[in-house]
Amino acid sequence: VSQPSRISLRQHEIDRTERDVDDRSTIAFYENDAAEYARATRSISLAAEIQWFSQFVPASARVLDVGCGSGRDLVALKRAGMRPIGLELSARLAAIARDYSECQVVEGDMRNPPFADAAFDGIWAAASLLHLNRADVGRTLWQLHRLLVPGGTLFASMKVGLGAERTPDGRLFSYFLPEEWSGLLGAAGFLDVELRTEIADNAETPASVWIQSLARIAS
Ligand SMILES: C[S@@+](CC[C@H](N)C(=O)[O-])C[C@H]1O[C@@H](n2cnc3c(N)ncnc32)[C@H](O)[C@@H]1O
């Protein structure tokens, strides 16, 4: 069997998996496990990534933390001098993040973010776009583009891999190869895409390979 036909078979299986996935089950996981998830992920440090991001946004940047989870990065972004706001689909995590960070946290869906055009200098999306159905990722990147000022910057971290799966806890994960991810960012109008990859075993087992990406829109 040649390599191309193996890939197309896999693609077929991936498409079927995605159609079967009920993405409410992702948010059900975060709702049901909100307190435990917040506790388990709060000590993770993204200090190096925040330092990288901060080089590309102005002082006191207005930043949207998309899928802010526990509110951990809202606190870190605020400590770095930015003015972060959270967006979170799980009502329980949104409440936890609000209490913990003392930042505004809006309960809403990143696929249809309830903010005006050009409302933010930067967008921070740590491990959140990976929960979208692969078909929604491109459309959502366009929405995030819409929210940025000219020259605005997006940070996004994603897991490296092929296709999508629903893990036993009910969450949908969509995976991308690095070149595929930079292609998607480019197709959504992002420029100057920079990628870093790293292996991390934070709250997830087994350890995963991650893409950290930084990209800007035109000035
Ligand atoms: C893996 S967690 C990452 C949380 C946080 N960014 C962090 O790094 O600890 C993914 C987060 O995205 C949120 N989320 C998933 N789908 C979302 C959507 N469509 N709109 C907004 N938030 C979403 C989840 O509720 C969860 O808080």
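Data table
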| item | result |
| --- | --- |
| Residue check for residue 134: in contact (Cβ under 8 Å) with a residue 60 or more places away in the chain, of a type in the set (D, E, K, R) and within 15 Å of the ligand (Cβ to nearest atom) | yes |
| Residue tally, condition without any contact (Cβ under 8 Å) to a residue 40 or more places away in the chain, of a type outside the set (A, V, I, L, M, F, W, C) and closer than 21 Å to residue 119 by Cα, over segment 80-107 | 9 |
| Any hit, segment 110-125, residues being under 15 Å from the mean Cα position of the chain (by Cα), surrounded by 14 or more Cβ atoms within 10 Å (Cβ to Cβ) and more than 21 Å from residue 77 (Cα to Cα) | yes |
| Output for segment 114-127, where each listed residue is more than 8 Å from the ligand (Cβ to nearest atom) and not in a strand (DSSP E or B) | 114, 115, 116, 117, 118, 119 |
| Strands (runs of 3 or more DSSP E) lying entirely in segment 133-215 (those with 1 or more residues that are farther than 21 Å from residue 68 by Cα and among the hydrophobic types (A, V, I, L, M, F, W, C)) | 164-166, 191-200 |
| Of all residues making up segment 44-59, the number that are more than 23 Å from residue 191 (Cα to Cα) and free of Cβ contacts under 8 Å to residues at least 40 places away in the same chain | 2 |
| Subset of segment 67-83 that is of a type in the set (Gly, Ala, Ser) and in a loop (DSSP other than H, G, I, E, B) - its residue that is farthest from the ligand (Cβ to nearest atom) | 81 |
| Odd one out for residue 130 among (1) surrounded by 21 or more Cβ atoms within 10 Å (Cβ to Cβ); (2) in a strand (DSSP E or B) | (2) |
| Which numbered condition residue 45 fails, given (1) at pLDDT 95 or above; (2) within 18 Å of the chain's Cα centre (by Cα); (3) assigned to a loop (DSSP other than H, G, I, E, B) | (1) |
| Residue in segment 84-106 that is away from the ligand (no atom under 14 Å from the Cβ), farther than 20 Å from residue 43 by Cα and surrounded by 19 or more Cβ atoms within 10 Å (Cβ to Cβ) present | no |
| Qualifying residue in segment 119-130 (condition: closer than 28 Å to residue 164 by Cα, touching a Gly at 6+ places or on another chain (Cβ under 9 Å), free of Cβ contacts under 8 Å to residues at least 24 places away in the same chain and of a type in the set (Val, Ile, Thr)) | no |
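Residues checked against (1) touching a Phe, Trp or Tyr at 6+ places or on another chain (Cβ under 8 Å); (2) within 11 Å of the ligand (Cβ to nearest atom); (3) assigned to a helix (DSSP H, G or I); (4) within 23 Å of residue 132 (Cβ to Cβ):
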residue	(1), (2), (3), (4)
31	no, yes, yes, yes
53	yes, no, yes, yes
60	no, no, no, no
65	yes, yes, no, yes
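Here is a yes/no grid of residues against (1) closer than 22 Å to residue 118 by Cβ; (2) aliphatic (A, V, I, L, M); (3) in contact (Cβ under 8 Å) with a residue 60 or more places away in the chain; (4) buried (at least 20 other Cβ atoms within 10 Å of the Cβ):
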site: 151; (1), (2), (3), (4): yes, no, yes, no
site: 160; (1), (2), (3), (4): no, yes, no, no
site: 173; (1), (2), (3), (4): no, no, no, yes
site: 178; (1), (2), (3), (4): no, no, no, no
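The values are calculated or read from the model by the stated rules, or taken from the named source; none is laboratory data. Quick caveat: nothing in here was measured; it's all calculated off a predicted structure. Note: ideal-geometry Cβ built from the backbone for every residue, glycine included; neighbour counts use all protein chains shown.
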